[in-house]
Amino acid sequence: MNDIRICEQISFLRRQKGITQETLARHFGVTNQTVSKWESGQCYPDIQLVTQIADYFGISVDELMGHTPAASLEALCLTLKKYFTDLPEAKCFDEAYRLAAQLHEIVISAGYKRQICWKEKDYAKGCSGTWGLSAWSDTEGQAVREGNVILFADNRAWNKKKKTEIRKNACMLELFGDEKVLKVLFALQELTTGEPDRYASAEEIAKAVRMETADTEKILSELPVSVQEGQEERYRIEESAAWIPAILAMIH
């Protein structure tokens, strides 16, 4: 039953019904610890109990086993969790990105209740990373897609910015407002992207942007980069800042 994920189904159905583990345990004549172990996947209900559990929640055994389509957002999230758990690690990002593209279309069309200005796409197939610009904004938030970037912002989570945060934002904008800095940043991105172990030398970057190596090194000293030391220092964008080029590329 490990592949069936009955543990997640029981946990979801119990919470959906609004009952405690104690209430469920009392109904089936088992201990609270037993229900807790069902839901954590440490053990599974006896086979004779499976039908009784399904009847208790008013669903089929297939649904309890996770074989039927999701009937709610929470169930859909569980289905997605199972799908990605079973998916090879190398495929996770690509398929998550395709889902994000689908969600963007859902938001733009208000759940396919409004017309969209492009032909509906099968995001499970074909090229998913090429796009023009499409944006949606409402009181709830914004959704923007351009090039290889899909961005969602929830206005309800917006907090008033502190002075220190504004100061940091201003410093970052001042840094990236310099054309030479952007040239170096984008060149570094182009030279290293797609290769997790690839570092570029200041000389390589300087050649790509047609600048003096010394000027390039000075700019690199101000950027959020990881440095590989050796006979010559080599650079790549720091992992925690790897998203910055993609966001900056959206701004025009």
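The values are calculated or read from the model by the stated rules, or taken from the named source; none is laboratory data. Note that this is a predicted model, so its numbers are computed, not measured. Cβ atoms come from the backbone with ideal geometry, glycine included; neighbour counts cover every protein chain shown. The accessibility values were calculated without ligands, DNA or RNA, using every heavy atom of the protein model including side chains. Shrake-Rupley method; radii C 1.70, N 1.55, O 1.52, S 1.80 Å.
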Evaluate the range 72-198: find the radius of gyration of its Cα atoms, find its Kirkwood radius, and give the ratio Rg to Rh.
1.02
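According to the Cα gyration tensor, what semi-axes, each the square root of 5 times an eigenvalue, does the equivalent ellipsoid of the chain have, listed from largest to smallest in whole Å?
48, 23, 19
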Net charge of Cβ neighbours under 12 Å - reference Phe176; Lys, Arg +1; Asp, Glu -1:
-2
For the chain, the charge dipole (Cβ of Lys, Arg +1; Cβ of Asp, Glu -1; about the Cα centre) points to a positive end, and the Cα of Gln9, Ala242, Leu87 closest to that extreme belongs to Gln9
Pairs of Cα atoms under 8 Å, at least six residues apart: use those to get the relative contact order of the range 185-235, whole percent.
36
With the charge dipole of the chain built from beta-carbon charges (+1 for Lys and Arg, -1 for Asp and Glu) about the Cα centre, the Cα from Leu182, Ile19, Gln33 projecting farthest to the positive end belongs to Ile19
What would the Debye formula give as log10 I(q)/I(0) at q = 0.17 Å⁻¹ for the alpha-carbon point model of the range 192-239, no solvent?
-0.45
Using only Cα atoms, figure out Rg for the range 1-63 and give it as a multiple of 2.2 N^0.38 Å.
0.98
Can you tally the net charge around Val61? Count Lys and Arg as +1, Asp and Glu as -1, for every other residue whose Cβ sits under 15 Å from the Cβ of Val61.
-3
Taking Cα pairs closer than 8 Å and at least 6 residues apart, the relative contact order of the chain in percent is 10
About its Cα centre, how strong a charge dipole does the range 210-252 have in debye, to the nearest 20, once Lys and Arg get +1 and Asp and Glu get -1 at the Cβ?
220
Accessible heavy-atom area order of Phe152, Phe12, highest first, probe of 1.4 Å:
Phe152, Phe12
Which of Lys91/Lys183; Lys162/Lys183; Lys180/Lys218; Lys168/Lys218; Lys37/Lys82 have a Cα-Cα distance over 22 Å?
Lys91/Lys183; Lys162/Lys183
